[in-house]
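Only the coordinates and a few stated rules stand behind these numbers; no lab work does. Because the structure is a prediction, the values reported are computed rather than measured. Backbone-built Cβ (ideal geometry, glycine too); neighbour counts: all protein chains shown.
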Amino acid sequence: MAKYRNNLPQLGGDIYLTDAGIETDLIFNRGIEIREFAAHTLLPNPKGRRALQDYFGGFIDLANRFGTGLILDTVTWKAHRHWADDLGESPSELHEANRIAVALIANLRATANNVKPIVLNAPIGPRGDAYAPEELIDADSAEAYYAEQLGWLTNTEIDMVTGLTFTQASEAVGLVRAARFAELPCVISFTVETDGRLPTGQPLREAIEHVDSETEGSPAYYMINCAHPDHFADVLRDGDWRKRIRGIRANASRCSHAELDEAEVLDPGNPVELGEQYSDLRAAMPWLNVFGGCCGCDVRHVAAIATSLAAMAA
């Protein structure tokens, strides 16, 4: 049974951490191969499951050490039909991957001793590249498409879903509508480019306002992912629309998406500097309360973010 599905505790305003760039951490820092960049493919292998448990365990311990809540993710980002051919997996196998992914983090939560809540979240990735949309997807098509994966998740212990690394507003509208039908709280986290706009060229403000307008404001909140704070801080200077944003999952690197695609080594950036930039963002937008990392980040970066936020609150 879902624990927080009907009352997400992070909406109360306390600090919640998330994990970081699971794929880049496991591949570059831990030497673990991930087929097609789809972390759920590690689930059938005992070594892969242990790697996932160890990875998430680090963030569970970190949240407990800093006395924060935690948004604990499943490895469901690419566990949907769009990737079936690339992965050589049938819909039934993808369905099972979603079930096992939730069971894994539900067990981690059940055995944790954290004082603050651990919210189980299922990230759902876009139908295509997280840096650049392969095609424009209309809201109706997206709603019909995402209904399948959400249906797989509804009868699990999952508390919420997040459209993570979404690159276009219309696709986000479809996911939100499908989540509303499935009675699952939904967050939308947009990928932005070095100019703070979505890869489609749409300004972040317009994307958020479009999704809210087309869904009667259904998203629980919005997040920004997969870009360095230098890339989007300027677009967050003013406007009430910013209050719909609660979370940041930034990249460690200042490189553009094109540069990151070509990179053969991981750019971990500067964790301490990144933590300070998160504090600057929270100072300007004090309602921000969900913080983690994206590409190139690992537990060190989230620890630096938590340290900086704690110093700010002292």
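A few points about this structure:
- Cα shape, region 32-109, gyration tensor, a/c 1.5 rule: prolate
- GNM flexibility winner over the chain from Asn29, Asn121, Asn98 (Cα, springs under 10 Å): Asn29
- Evaluated over the Cα positions of region 252-311, the convex hull gives a direction-averaged projected area, one quarter of its surface, of 4.2 nm².
- Structural size metrics of the chain, computed from C-alpha coordinates, are Rg and Dmax of 17.6, 51 Å.
- A Förster radius of 22 Å, combined with the Cβ-Cβ distance separating Glu273 from Met312, puts the computed FRET efficiency at roughly 0.90.
- By other beta-carbon atoms within 10 Å, ranking Val102, Val265, Val299 with the fewest at the front produces Val265, Val299, Val102.
- Sparsely packed chymotrypsin sites (Phe, Trp or Tyr not before Pro) within region 220-253, loop by DSSP, other Cβ within 10 Å at most 15: none
- Loop-located trypsin sites (Lys or Arg not before Pro) across region 225-271 with a Cβ neighbour count of 10 or fewer within 10 Å are Arg237, with loop assigned by DSSP.
- Projecting the Cα positions of Ile15, Leu175, Leu288 onto the charge dipole of the chain (unit charges on Cβ atoms of Lys, Arg, Asp and Glu, taken about the Cα centre) puts Ile15 furthest along the positive direction.
- The fewest-to-most ranking of Glu157, Glu36, Glu89, Glu171 by surrounding Cβ atoms within 10 Å reads Glu36, Glu157, Glu89, Glu171.
- Check: region 15-313 dipole with +1 on Lys, Arg Cβ and -1 on Asp, Glu Cβ, in debye: 1260 debye
- Candidates Leu17, Leu175, Leu42, ranked by Gaussian network fluctuation over the chain, Cα under 10 Å, top entry: Leu42
- Furthest towards positive pole of dipole, Asn251, Ala84, Gln277, structure part the chain, Cβ charges: Gln277
- Spin-label model, Asp238/Asp138: points 7 Å from Cα along the beta carbon direction are separated by 3.8 nm.
- Ordered by the count of other Cβ atoms within 10 Å of each Cβ, fewest first, His95, His301 give His95, His301.
- All C-alpha pair distances within region 188-236, sorted into 5 Å bins from zero, spread as 5, 22, 33, 22, 13, 5, 0 percent across the bins.
- Proximal lysines relative to Lys47, as straight alpha-carbon distance under 24 Å, when same-chain residues fewer than 8 apart are discounted: Lys78
- For the chain, share of DSSP beta bridges that run antiparallel, in % to the nearest 5: 5 percent
- Beta bridges per DSSP, both residues in region 172-314: antiparallel share near 10 percent.
- Against the empirical curve 2.2 N^0.38 Å, the C-alpha radius of gyration of region 1-141 lands at a ratio of 1.10.
- GNM remark for the chain: springs join alpha carbons under 10 Å apart, and the peak mean-square fluctuation among Thr74, Thr215, Thr111 falls on Thr111.
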